Amino acid sequence: MNRTQLVETLDSVLSAAGPDGVTGVMLMRLQRIRELLQVYGYGGGDAIGDEAHTRLRGLLRPCDRLYRLGEFEFVALLPGLHDGNHALLAGNRVRRGFQAPLRVGDTEVMTSVITAIAVAPEHGCTATALLRSAEYAFGRAMRSPDAMAVHMAGGEPALVPYGRLREAITGNRLEAWLQPILDLRTRRVSAAESLSRWHDPELGQVPPDRFIPMAERTGLISELTWWSINASLRQLASARRRKPALGISINLSPRVFGEPGLVEHLDSTLQVWGVEPEGVTLEVTETALMEDPALSERLLRRLCDAGFGVAFDDFGTGYSSLAYLKRFPATELKIDRSFIQDLPRDPRSLPLVQAIIDLAHRLELTVVAEGVEDAETLELLAATGCDHAQGFFIQRPQPAEEFVRGLGATAGRLAAGGG
Ligand code: C2E
Ligand code: CA
Ligand code: CA
């Protein structure tokens, strides 16, 4: 396809897509071409381009369209995106997909792809405007360590959240904060949930509600998850010198479910820190499980078989809570704080929470109530037979070192009866 044909085709697809949603145009060029042609000759070049084409097709979603511009140049149209950052997910998949060599005849050829992205309507609504924007971004993509970039309307902004988050993760500048989980029977802390924090010198404290979704959309979630697992287990190992039976809960994003070697990687990280899987609970949310139920089911089964705890996080907020209780194996259920927060005031909350607890117990799941903000709620929960509680009344999340220092100090107000 030549450029004129490409522009015509893109324009007709873009206008058919209508004004709704964000569509990405992704420009991709193979690297080291001259060198490859010297080694493999011009005939070899064709074969490499064909192989790259096939590989790219496999790395894109079925709804994406792929066009071949020249021998070593491709353009993909990515419909139905969330925003520009979402397009980086596709860029990241392409980058990772080319980490393995291409097979051409019986030789293996190492190449890489530089990816530049523009999105409609933000960067234009016509093929010409979008391709021009992608070309602008191409220069930055060539200098970027990830070999990719999204065009930025209005030039190069001072902040590049994607790059900054990436640097924060790889530079080990995120922090694992811990929030205690109280055993309502013994009134002692039995575990802690690990919650990530990012303090950026310019952006300030960035809450996980902002950077986790962004990491999920761009593919950084994989690095973030491995950082979090390692950091959380390191903190657990240190906390256990004070409290040997302490457990830890770690949030697991659905986006890592498909990663090959997940369970093995988890196991080897446990060994590094001398922790057994029984001390670790992996928290998953319903949206996560429902994205690919068959894959989730297999993975949760393997995690349970390996001895890990598995918790259904934010229980009750999704659309298919009962369906996933039936389908997926787990050891724990965390009642979302929206059910807990008005427990003392809303007459319908208490029977609802009681019913969830009874249901969970019949399924042999331990129950954690999230979002406990006062003494009255804590006592109501204890009376319902809830096993554990977590929330600002017990303690806010705090830097892991502070959490460890505070272990062993008993808070009188948490004693049975309110105190
Ligand atoms: P979550 O897993 O439901 O975590 C509990 C959130 O509730 C935390 O917010 C915590 O600070 C907050 N919280 C705890 N007690 C109370 C309370 O009594 N009242 C109220 N109003 N809030 C309370 P945070 O730390 O901002 O985390 C938000 C979400 O970000 C988490 O929700 C979790 O889904 C996600 N997240 C945090 N760290 C990680 C991580 O390392 N990996 C992944 N995949 N997700 C993470
Ligand atoms: Ca959680
Ligand atoms: Ca939760």
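Here, each number is a calculation from the coordinates, and none is a lab measurement. The shown structure was predicted, so the numbers you read here are calculated from the model rather than taken from an experiment. Note that each Cβ is placed from the backbone with ideal geometry, even for glycine, and that neighbours are counted across all protein chains shown.
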Using all C-alpha to C-alpha distances in the chain, build P(r) with 10 Å bins and read off the rounded percent in each one. 4, 19, 25, 22, 16, 10, 4, 1, 0
Residue-ordered couplings for the range 177-185, obtained by feeding phi - 60° into the Karplus form 6.51 cos²θ - 1.76 cosθ + 1.60 and rounding to whole Hz (Gly and Pro as x), are 9, 10, 10, x, 10, 9, 7, 6, 7
Going by Cα centres, the range 33-99 and the range 350-366 are how many Å apart? 50 Å
note: the range 268-378, Cα-Cα separations exceeding 19 Å make up a percent value of 49 percent
7 Å from Cα along Cα→Cβ at both Asp292 and Lys326: what's the point-to-point distance in nm? 2.4 nm
Sort 26-33, 87-94, 70-77 for me by packing, meaning the mean count of neighbouring Cβ atoms within 10 Å per residue, highest on top. 87-94, 26-33, 70-77
Most to least packed among 262-275, 108-121 [average Cβ atoms within 10 Å]: 108-121, 262-275
Quick numbers on the range 171-415, Rg and Dmax over C-alpha atoms in Å, give 17.4, 50
Quickly rank 294-302, 280-288 as a protection proxy: mean count of other C-beta atoms within 10 Å, highest first. 280-288, 294-302
